[in-house]
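*Asks:* Pasting a structure below so you can have a look.
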Amino acid sequence: MIAKSMATSFTLASVSPTLAINELTARRRAAGLPTIALGFGEAGLPVLPGLVQRLADSGARAEYGPVSGIPQLREAAAGYWDRRQLATDPELVVAGPGSKSLLYALLHALAGPVALPCPSWVSYAAQAALVGCRTWLVATRPCEGGVPAPQRLDAVARRAAASGEPLRAVILTLPDNPTGTLASPATVTALCELAERHDLLIISDEIYRDLVHDPGLPFLSPAALAPDRTVITSGLSKNLALGGWRLGVARFPDSEPGRRLRAHVLRIASELWSAPAQPVQRAAAWALTEPPEVRERVAASRRLHGIVARATSDVLAAAGVDHPPPAGAFYLYPDLGAQRERLAAAWSIRTGTELATWLLDRHGIATLPASAFGEAETTLALRLASSQLYGETDERRACALHDPQPRELPWIAEQLQVVAGALDDLVGKA
Ligand SMILES: Cc1ncc(COP(=O)(O)O)c(C=O)c1O
């Protein structure tokens, strides 16, 4: 992971890298090229039947409804956070077509410099560029992706203030995409103190919160410590694998600035998307009340994501590739920096993009280079999304979800075998 902090001006090349690699994978498969899809961060699981039923039941509801989302949905979202010890007024909740849209509206409303962890999810920097916010990339503590290292953030906040453009906000990802790690409560606490000192809004992206592999691992939301300055974003795309349904929720601070920010986001939302799709809101309202079948499904998904991420981690470890142990979601972030000389000598690989291209061209393995997540081109790290190993059909995915030993399922074991062979080839073990 990079060690320095830098202010960046991000340029938008093509469609977002995660969506681009997904489309490339589909084109390769359509052309008959076998491809192991580790590039795209989709949860890769079938939709819970109770959700399909509720969506169908609401199919005739075609009204726009309130910009902030229907009351049932906002109440259910408030209940979701209440059960996580974050008492929430439904009036402070806003629903949108995916949390991505809500994050965009937040950045648009902020219209000021924002600090991001490095590496971080592809869209934060890209969205900041779209709305003209300056971004400061701040390295994280080792194995604590998603949260800028507090001391470094302190230094960046001072530099930004000295430049006459003080930081307005910091974004955190708990647990993290791309590293699959979870920052410790101590780091989150230090971050909240700094936010207080430098008067920063904290945007806490908790879309993977329910997918921390070990539910016993302590999870601290900054909203518990800095309630007046924390916005949480979340949604159903990851815990219930509903990415294509486009439903996200944001919880605004119960403070005067929090209410003003919410009103500003609603103005933007009203001009961009009006309201999330009405039938989806109704199905989501049911899901967010977390009846037993929803809780069971999320628990089964969490278990599967953990098992397959650990199996992938074992493959990386066997090839001697450094990576932080995965703790949440379905991501791994191997770093081949230690093999730099060999990769240059054997394969002329000097950048993350060359590394990802080599894996795709030679072994049919789709990944994303670290540069997609804000790191330098020369950083020889990749993001792997292990959820794509569950299979290409709903049958296989359902089987993986319920199998006592999913890593032994032939299609998962075979793909991991191919990854193992590719890594051995790469590092010269083959
Ligand atoms: C860290 C993070 N935040 C937000 C999102 C966006 O999720 P959605 O817009 O589907 O709610 C994603 C999706 O990949 C993500 O990885």
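Residue-wise test of (1) within 16 Å of the ligand (Cβ to nearest atom); (2) over 25 Å from Ala370 (Cβ atoms); (3) not assigned by TED's automatic domain parsing to the domain that holds Pro227.
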residue: Thr88; (1), (2), (3): no, yes, no
residue: Pro97; (1), (2), (3): yes, yes, no
residue: Leu103; (1), (2), (3): yes, no, no
residue: Leu106; (1), (2), (3): yes, yes, no
residue: Pro113; (1), (2), (3): no, no, no
residue: Leu116; (1), (2), (3): yes, no, no
residue: Leu130; (1), (2), (3): yes, no, no
residue: Ala139; (1), (2), (3): no, no, no
residue: Arg152; (1), (2), (3): no, no, no
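*Asks:* Only one residue in Gly180, Gly244 is within 19 Å of Ser301 (Cβ to Cβ), in a helix (DSSP H, G or I) and either within 16 Å of the ligand (Cβ to nearest atom) or touching a Leu at 6+ places or on another chain (Cβ under 8 Å) (or both). Which one?
*Replies:* Selected residue: Gly244, the only one of Gly180, Gly244 that is within 19 Å of Ser301 (Cβ to Cβ), in a helix (DSSP H, G or I) and either within 16 Å of the ligand (Cβ to nearest atom) or touching a Leu at 6+ places or on another chain (Cβ under 8 Å) (or both).
*Asks:* Name every residue in region 184-220 that is aliphatic (A, V, I, L, M) and touching a residue at least 60 places away in the same chain (Cβ under 8 Å), in order of residue number.
*Replies:* Answer for region 184-220, where residues must be aliphatic (A, V, I, L, M) and touching a residue at least 60 places away in the same chain (Cβ under 8 Å): Leu200, Leu201, Ile203, Ile207, Leu211, Val212, Leu217.
*Asks:* Whether any residue in region 198-210 is more than 16 Å from the ligand (Cβ to nearest atom), touching a strand residue (DSSP E or B) at 6+ places or on another chain (Cβ under 9 Å) and hydrophobic (A, V, I, L, M, F, W, C) is what I want to check.
*Replies:* Yes, that holds for at least one residue.
*Asks:* Of the conditions (1) within 15 Å of the ligand (Cβ to nearest atom); (2) on the phi > 0 side of the Ramachandran plot; (3) surrounded by fewer than 23 Cβ atoms within 10 Å (Cβ to Cβ); (4) of a type outside the set (Val, Ile, Thr), Cys143 clears all except one; give me its number.
*Replies:* Only one criterion is unmet by Cys143, namely (1).
*Asks:* Considering only region 222-256, state which residues are without any contact (Cβ under 8 Å) to a residue 40 or more places away in the chain and of a type in the set (D, E, K, R).
*Replies:* Listed by number, the residues that qualify are Asp228, Arg229, Glu256.
*Asks:* Give the number of residues within region 64-106 that are in contact with a helix residue (DSSP H, G or I) (Cβ under 6 Å, 6 or more places away or on another chain) and of a type in the set (Asp, Glu).
*Replies:* 1
*Asks:* Run Gly65 past the list (1) at pLDDT 95 or above; (2) on the phi < 0 side of the Ramachandran plot and report the number of the one that doesn't hold.
*Replies:* (2)
*Asks:* Something else now. Suppose we filter region 55-73 for residues that are within 27 Å of Cys133 (Cβ to Cβ) and either hydrophobic (A, V, I, L, M, F, W, C) or more than 16 Å from the ligand (Cβ to nearest atom) (or both); how many remain?
*Replies:* 2
*Asks:* Moving on to the next point. Within region 361-381, which residues are in a helix (DSSP H, G or I) and touching a residue at least 60 places away in the same chain (Cβ under 8 Å)?
*Replies:* Listed by number, the residues that qualify are Arg362, His363, Ala370, Ala372, Phe373.
Yes/no per residue for (1) surrounded by fewer than 16 Cβ atoms within 10 Å (Cβ to Cβ); (2) acidic (Asp, Glu); (3) within 16 Å of the ligand (Cβ to nearest atom):
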| position | (1), (2), (3) |
| --- | --- |
| Pro222 | no, no, yes |
| Gly248 | no, no, yes |
| Ser255 | yes, no, no |
| Leu261 | no, no, no |
| His264 | no, no, no |
| Gln278 | no, no, no |
| Pro292 | yes, no, no |
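*Asks:* From the list Ala422, Ala400, Ala344, Ala430, pick out the single residue that is on the phi < 0 side of the Ramachandran plot and in contact with a strand residue (DSSP E or B) (Cβ under 7 Å, 6 or more places away or on another chain).
*Replies:* One residue alone meets the criteria, Ala422.
The values are calculated or read from the model by the stated rules, or taken from the named source; none is laboratory data. Keep in mind that this is a model prediction, so the values were computed, not measured. Neighbour counts run over all protein chains shown; Cβ positions are idealised from the backbone, glycine included.
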